[in-house]
Amino acid sequence: MSLDVSPKLLAEAENGAVREEDFVDTVRTSLPYAYDLIASLATELHDGKDEFTDNQTPPPSEKERGQLLRALASDAIRGSLERHFGVALAFQNCHRVAAFRPGAQHSETYARFTSTRSQILNQSPEFRDC
């Protein structure tokens, strides 16, 4: 299971729309490693002038790697985190997450980061089973 959904949030979902703030809070408490990593990338991006910031450090364990994969594999989770932090996310291999400025999806830098060439160049044997 990806998220620990409270009975209150489940009832809200059953009765209609869910407030995004409540959903993001559920992501924060359910996937703390992924949430904190994306928060730190967003802060670094907003505090700097670079086109993007990225993480190249593997997670400390498979538990954290699983959180990151679950967060980025879900369109709803990923989209909510992007809106919440004001970033566009891109993802390579098992842990290389990048935060770009909103609208960067049409930039050369984003295209290069998400290209098949970059995906191939960012592979290594230790990522085989991640």
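The single condition among (1) open to solvent by less than 80 Å² (accessible area, probe 1.4 Å); (2) in contact (Cβ under 8 Å) with a residue 40 or more places away in the chain; (3) in contact with a Phe, Trp or Tyr (Cβ under 8 Å, 6 or more places away or on another chain) that Glu51 does not meet is (1). Out of the residues in the range 1-10 that are modelled with pLDDT of 90 or more and in a loop (DSSP other than H, G, I, E, B), state the one that is surrounded by the fewest Cβ atoms within 10 Å (Cβ to Cβ). Going through the qualifying residues, I end up with Asp4. Return only the number of the condition from (1) within 19 Å of the chain's Cα centre (by Cα); (2) under 21 Å from Ala76 (Cα atoms); (3) surrounded by 15 or more Cβ atoms within 10 Å (Cβ to Cβ) that Val18 does not satisfy. Of the numbered conditions (1) within 19 Å of the chain's Cα centre (by Cα); (2) under 21 Å from Ala76 (Cα atoms); (3) surrounded by 15 or more Cβ atoms within 10 Å (Cβ to Cβ), the odd one out for Val18 is (1). Scanning the range 48-96 for residues that are over 12 Å from the mean Cα position of the chain (by Cα), more than 19 Å from Arg28 (Cα to Cα) and part of a loop (DSSP other than H, G, I, E, B) yields Gly48, Lys49, Asp50, Glu51, Gln56, Thr57, Pro58, Asn93.
When Ala13, Ala90 are checked against the criterion of being over 21 Å from Thr114 (Cβ atoms) and modelled with pLDDT under 95, a single residue qualifies: Ala13. Taking Ala13 and the conditions (1) open to solvent by 50 Å² or more (accessible area, probe 1.4 Å); (2) touching a residue at least 12 places away in the same chain (Cβ under 8 Å); (3) aliphatic (A, V, I, L, M), which numbered condition does it fall short on, given that it satisfies the others? Unmet for Ala13, out of (1) open to solvent by 50 Å² or more (accessible area, probe 1.4 Å); (2) touching a residue at least 12 places away in the same chain (Cβ under 8 Å); (3) aliphatic (A, V, I, L, M): (2).
Quick one: count up the residues across the range 39-48 that are within 16 Å of Thr114 (Cβ to Cβ) and open to solvent by 80 Å² or more (accessible area, probe 1.4 Å).
0
The values are calculated or read from the model by the stated rules, or taken from the named source; none is laboratory data. None of the values given here were measured: they were computed from a predicted structure. Ideal geometry is used to build each Cβ from the backbone, glycine not excepted, and the neighbour counts take in all protein chains shown. Remember, those area values only see protein heavy atoms, side chains included, never the ligands or the DNA or RNA. Shrake-Rupley method; radii C 1.70, N 1.55, O 1.52, S 1.80 Å.
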